[in-house]
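The values are calculated or read from the model by the stated rules, or taken from the named source; none is laboratory data. Computed from a prediction, not measured in an experiment: that's the story for all the values here. Don't worry about glycine lacking a Cβ; one is built from the backbone with ideal geometry, like all the others, and counts go over all protein chains shown.
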Amino acid sequence: MVWDKACLKEALDEAIQRLPPHEPPETAVSLRPIIRKNLSRGRVSHFLDNHSGCQPYDYVLLVARHYEQLAPFFHQVQVEKATSVWQPLYLRLFSLAYTYLLNKGFSPGSESYAFAEDCAVAASERLLKAYYPYDTSLEAWLCLLVQNVCRNLMKESRDAAGGPNHQLVDIYDYLGSIRDGAAEDRFHCANLRLDLQAAIGRLVPPACQEVVRLRHFEGLTFRQIAIRMGSSTTTVYKLHFAALEQLRKNLGRNGYK
Amino acid sequence: MISLIIPDALKGVDIATRYPTFYRQLLADPELRQTFLETLELYEASHSHHLAPLPTPPVVNLSFLQTASTRLQLAWQLSKEELQNLLFPTGWRLAAGFRSSYGWLDDGYVTLLRSQVSVERLSLDVLLQASLAADAPDEVSLALTVAGQSSADSAAPGSWQATIEWGDYVETVPVNEQGQATFPAIPLPAILQPSSQTVAANLFLSLEPV
């Protein structure tokens, strides 16, 4: 069902009024601005569009459940600034930042540690004022926060160091062509089929070939592929996207758009 | 939306099927793809308790809490009744035909708020005005002017940002060096009750150093 924004707003307001009786009345008052803000940011529509069968009431219940669990925590974090809550939280952000940097190829050691500390402080400062939408996992939201902060600090450091920007190559230029709907028709062409098979055979590392085969020829999900290959879901996504890039590049060289 | 999708991706939900629009954006947008992959990797490590051990136990320095607690924020609230009287006084009808000839638009602006505040060694004059352009009668534009004097250790007006929350409308914009902040236009349906066509919500303005 596609919701008109005004109708959706009314349905959400009505859903807030219909919250279960065990919810305290002040919850409805607190939820209204959160849900309005989420509505204006497209989060409500995103939820309803991607969860068939769910109604605005289900979204309100989801937010109410998270709010009940996490509002006291955010009050301690952002209003009271309680040290007892902040100590473990800061260590968590520090660990996330350090792990992120190692994932990005930083060497374990004192330099990465110092940079992770800067990232943890910046993430903490951001967290003090950040808006939590109460419709998603706190852990995932914190990971995204840390990722954003680390990435920005890395960019600032790189800019401050005056890297040779003119030498950077935009390796993603060719991705623009995927919006060309005509390209999809070419997949029916026999020549493309042969070229595609050859291109898949040239994918490196060979695990990319396996991912493409399992995903596009056997129709497995990313999770199923991860289990089959004995690797993590993230690795499968990375191999998948790397394979698609290589295929576009290789097929692009053969004149395909 | 990434934070909504990451937990599903790790649970095994096939995002290409469940979130086809997002998946197409992932394929087309390298920045988004990088953010998605990096966050997924971090979330997977965190979720499975495989975060990298810190080489030395950190000394927890929470001094940023003190810095943040002294951070200045100025806030104002205009009730929906005040706004109704200022923007749409008695006799006002929202039919498009009336708008272009309505009196308060003669000079283009209505003053919603004029305030003088002194905080620490900072003195500020704040002026919030609304306008309804004849060529876009279904939108209201808000403009903020901040003029002030500050001592050397206070933030100058050029380094402020202003936030307006009004019904469904939430926007934060920087105050420029001339002390001006112009907000994106607000569609009238975002601030009016559909049935009565009266102002539906209070307006909140906040001003804080960047």
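Looking only at region A:95-142, residues that are in contact with a Leu (Cβ under 7 Å, 6 or more places away or on another chain), of a type in the set (Gly, Ala, Ser) and farther than 25 Å from A:Lys81 by Cβ come to 1 in all.
Does A:Arg248 count as facing another protein chain (nearest Cβ under 10 Å) and at pLDDT below 90?
On the way: facing another protein chain (nearest Cβ under 10 Å): yes; at pLDDT below 90: yes.
In short, yes.
Being buried (at least 21 other Cβ atoms within 10 Å of the Cβ) and over 20 Å from the mean Cα position of the chain (by Cα) is true for just one of A:Ala116, A:Ala123. Which residue is that? Walk me through how you get there before you give the answer.
Values: A:Ala123 fails: over 20 Å from the mean Cα position of the chain (by Cα).
The conditions single out A:Ala116.
When A:Val77 is tested against (1) surrounded by 15 or more Cβ atoms within 10 Å (Cβ to Cβ); (2) part of a loop (DSSP other than H, G, I, E, B), just one condition goes unmet, and that condition is (2). Of the residues making up region A:88-110, those that are facing chain B (nearest Cβ under 7 Å) and not small (Gly, Ala, Ser) are A:Tyr90, A:Leu91, A:Phe94, A:Leu96, A:Tyr98, A:Thr99, A:Tyr100, A:Leu102, A:Asn103, A:Pro108.
Kindly indicate whether A:Leu128 is at the interface with chain B (Cβ under 10 Å from one of its Cβ atoms), assigned to a helix (DSSP H, G or I) and surrounded by fewer than 16 Cβ atoms within 10 Å (Cβ to Cβ). Write out each step before concluding.
Values: at the interface with chain B (Cβ under 10 Å from one of its Cβ atoms): yes; assigned to a helix (DSSP H, G or I): yes; surrounded by fewer than 16 Cβ atoms within 10 Å (Cβ to Cβ): no.
When the stated conditions are applied, A:Leu128 does not pass them.
Checked against (1) more than 7 Å from chain B (Cβ to nearest Cβ); (2) part of a loop (DSSP other than H, G, I, E, B); (3) under 26 Å from B:Ala45 (Cα atoms), A:Gly53 passes all but condition (3). Give me the residue from region A:19-48 that is within 14 Å of chain B (Cβ to nearest Cβ), free of Cβ contacts under 8 Å to residues at least 12 places away in the same chain and not in a loop (DSSP other than H, G, I, E, B) and, out of that set, farthest from A:Trp141 (Cα to Cα). Residue satisfying both the conditions and the ranking: A:Val29.
Taken as a whole, the structure leaves B:Ala130 outside the set of residues that are within 14 Å of another protein chain (Cβ to nearest Cβ), surrounded by 13 or more Cβ atoms within 10 Å (Cβ to Cβ), modelled with pLDDT of 85 or more and over 15 Å from the mean Cα position of the chain (by Cα).
Being more than 10 Å from chain B (Cβ to nearest Cβ), surrounded by fewer than 19 Cβ atoms within 10 Å (Cβ to Cβ), closer than 28 Å to B:Ser63 by Cα and of a type in the set (A, V, I, L, M, F, W, C) narrows it down to one residue among A:Val149, A:Val85; which is it?
On the way: A:Val149 fails: surrounded by fewer than 19 Cβ atoms within 10 Å (Cβ to Cβ).
Sole residue among the options that is more than 10 Å from chain B (Cβ to nearest Cβ), surrounded by fewer than 19 Cβ atoms within 10 Å (Cβ to Cβ), closer than 28 Å to B:Ser63 by Cα and of a type in the set (A, V, I, L, M, F, W, C): A:Val85.
Take the residues of region A:52-110 that are without any contact (Cβ under 8 Å) to a residue 12 or more places away in the chain and hydroxyl-bearing (Ser, Thr, Tyr): which is nearest to B:Glu38 (Cα to Cα)? That would be A:Thr99.
Scanning region A:220-257 for residues that are farther than 22 Å from B:Leu40 by Cα and either out of contact with any helix residue (DSSP H, G or I) (no Cβ under 8 Å at 6 or more places or on another chain) or not in a helix (DSSP H, G or I) (or both) yields A:Arg253, A:Asn254, A:Gly255, A:Tyr256, A:Lys257.
Select from region A:208-257 the residues that are charged (D, E, K, R) and more than 25 Å from A:Lys104 (Cβ to Cβ) and list them in ascending order.
Filtering region A:208-257 down to residues charged (D, E, K, R) leaves A:210, A:213, A:215, A:218, A:223, A:228, A:238, A:245, A:248-249, A:253, A:257.
A:Glu210, A:Arg213, A:Arg215, A:Glu218, A:Arg228, A:Arg253, A:Lys257 - these are the residues of region A:208-257 that are charged (D, E, K, R) and more than 25 Å from A:Lys104 (Cβ to Cβ).
Identify the residue in region A:131-146 that is closer than 23 Å to B:Glu208 by Cβ and not hydroxyl-bearing (Ser, Thr, Tyr) and, among all such residues, is nearest to the other protein chains (Cβ to nearest Cβ). Once the filter is applied, the top-ranked residue is A:Trp141. Counting only helices (runs of 4 or more DSSP H) that sit wholly inside region B:1-75, those with at least 1 residues that are farther than 22 Å from A:Trp141 by Cα and at the interface with chain A (Cβ under 7 Å from one of its Cβ atoms) are B:20-28, B:63-69.
If you filter region B:169-178 down to residues that are modelled with pLDDT under 85 and in contact with a strand residue (DSSP E or B) (Cβ under 9 Å, 6 or more places away or on another chain), you find that the one that is farthest from A:Arg32 (Cα to Cα) is B:Gln178.
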